[in-house]
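Read through the structure below, which is laid out as structure tokens, and then see the notes.
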Amino acid sequence: MHLSRFPRLHFAHLPTPLEPLERLSAHLGGPRLWIKRDDCTGLAGGGNKTRKLEFLLADARAQGADTVITQGATQSNHARQTAAIAARLGMACHLLLEDRTASEDPDYNYNGNVLLNELFGARLSLHPGGTDMNAAMAAEAQRLQAQGARPYVIPGGGSNAVGALGYANAALELLAQANDRGLLVRELVHATGSAGTQAGLVAGLVATHSGIPVLGIGVRAPDAVQHRNVLALANETTALMGLGPIATAQDVQVNCSYVGEGYGIPTQGTLEAIALLAELEGILLDPVYTGKGMAGLIDQVRQGRYHPDDNVVFLHTGGSQALFGYRAAFGFASYR
Ligand SMILES: *Cc1c(COP(=O)(O)O)cnc(C)c1O
């Protein structure tokens, strides 16, 4: 697995730290929980899309692009990280945002990631929930091309095989950290959405015969769909790396029973997980992904999935910037 064969730009702060969650582990009575801090990748507040964008933007530049187009939900972290790197590279950035929650809360619609997108100088357009966003991006690309621009379309979440290389690389990084400190990893757990993160991790962990299982906690699709998406993309990624489709159905574990009402709508468990990590560890999760992912992990711990001596790593994929779009969900009184 020699990732230097692929064009890559270097703007993420790597390696991200791997830290023990001592107070949370004690609170839950084991296992030993660890957190891999991909919320600290550096670009624009950090997050998992940054690793993918290192490979995607290198590809865009190799193709002579001067404009990037991508899509996501209104509070998309992927959109924010894309807007930031486009600014840094002097490229135009068009973000197509899908109104997946129908929220009328001004914080949701204008604060958090949306505010940051504006600061990075991106062009934003809002599309009704259920829009065919791939078709909308293709139409936008055509429109910009007709004006003489050279657009590069990045799929939602940066989730194609090129983007997933970023997480194949993250798998190598985590393995090196675990090996350096003699840490036997029982499982790696994280929130899975557009599937590129889990697909890249599975690709890297299978290609290296690490024996480390990955559990994706779903935030949108039902189990069968998420499993299919992750497996297909993991195999596209290993194929791109020249290894053929080596991931099997057993290599992909997903649990989509923590979605609740839907994408972007926090559950009670989500809010509990955010509060626990904030109060016990001083760590900010987010209401769309990592809050749900951590709620799933906490529930699995409580159901006895792990032995108290196991080491379980939670991948923090970022997203706390979206908290400012969700002030109302927490119902805090301002002062007392
Ligand atoms: C996009 C995102 C995820 C999910 O990653 P995918 O590669 O889309 O599955 C998880 N957490 C955060 C904070 C994200 O922004």
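All of the numbers you see were taken from the coordinates with simple rules; none came from a lab. All of these numbers come straight from a predicted model, not from anything done at the bench. Neighbour counts run over all protein chains shown; Cβ positions are idealised from the backbone, glycine included.
Roughly how many debye, to the nearest 20, is the charge dipole of the range 53-99 about its Cα centre, given +1 on each Lys and Arg Cβ, -1 on each Asp and Glu Cβ, and no other charges? All intermediate terms of the calculation are to be shown ahead of the outcome.
Details: 3 positive and 5 negative charges, 36 e Å.
Approximately 180 debye in magnitude.
Take each of the peptides 276-282, 184-190, 243-249, average the number of other beta-carbon atoms within 10 Å over its residues, and list them starting from the highest.
184-190, 276-282, 243-249
So, in Å, what gap is there between the alpha-carbon centers of the range 65-141 and the range 274-329?
25
Contour minus end-to-end for residue 180 and residue 124, with contour as 0.36 nm per residue of separation and end-to-end as the Cα-Cα distance?
Net length gain for the segment: 15.8 nm.
If you take the square roots of the eigenvalues of the alpha-carbon gyration tensor of the chain and sort them as a ≥ b ≥ c, do you get rounded (a/c under 1.5), prolate (a/b over b/c) or oblate?
It comes out oblate by the Cα gyration axes.
How much length is gained if the chain between residue 224 and residue 243 is pulled fully straight, taking 0.36 nm per residue apart and subtracting their Cα-Cα distance, in nm to one decimal?
Gain on stretching residue 224 to residue 243: 4.3 nm.
Take 125, 4, 194 and order them by how many other Cβ atoms sit within 10 Å, fewest up front.
Ascending Cβ contact count within 10 Å gives the list 4, 125, 194.
Semi-axes of the equivalent ellipsoid for the range 206-289, please: Cα gyration tensor eigenvalues, times 5, square-rooted, ordered largest first, whole Å.
In descending order the semi-axes read 30, 16, 10 Å.
Mind listing P(r) for the range 42-142? All alpha-carbon pairs, 5 Å bins, whole percents.
For the range 42-142, the binned pair fractions read 2, 13, 24, 25, 20, 11, 3, 1, 0 percent.
Given axes a ≥ b ≥ c from the Cα gyration tensor, I'd like to know whether the range 136-193 is rounded (a/c under 1.5), prolate (a/b larger than b/c) or oblate.
It comes out prolate by the Cα gyration axes.
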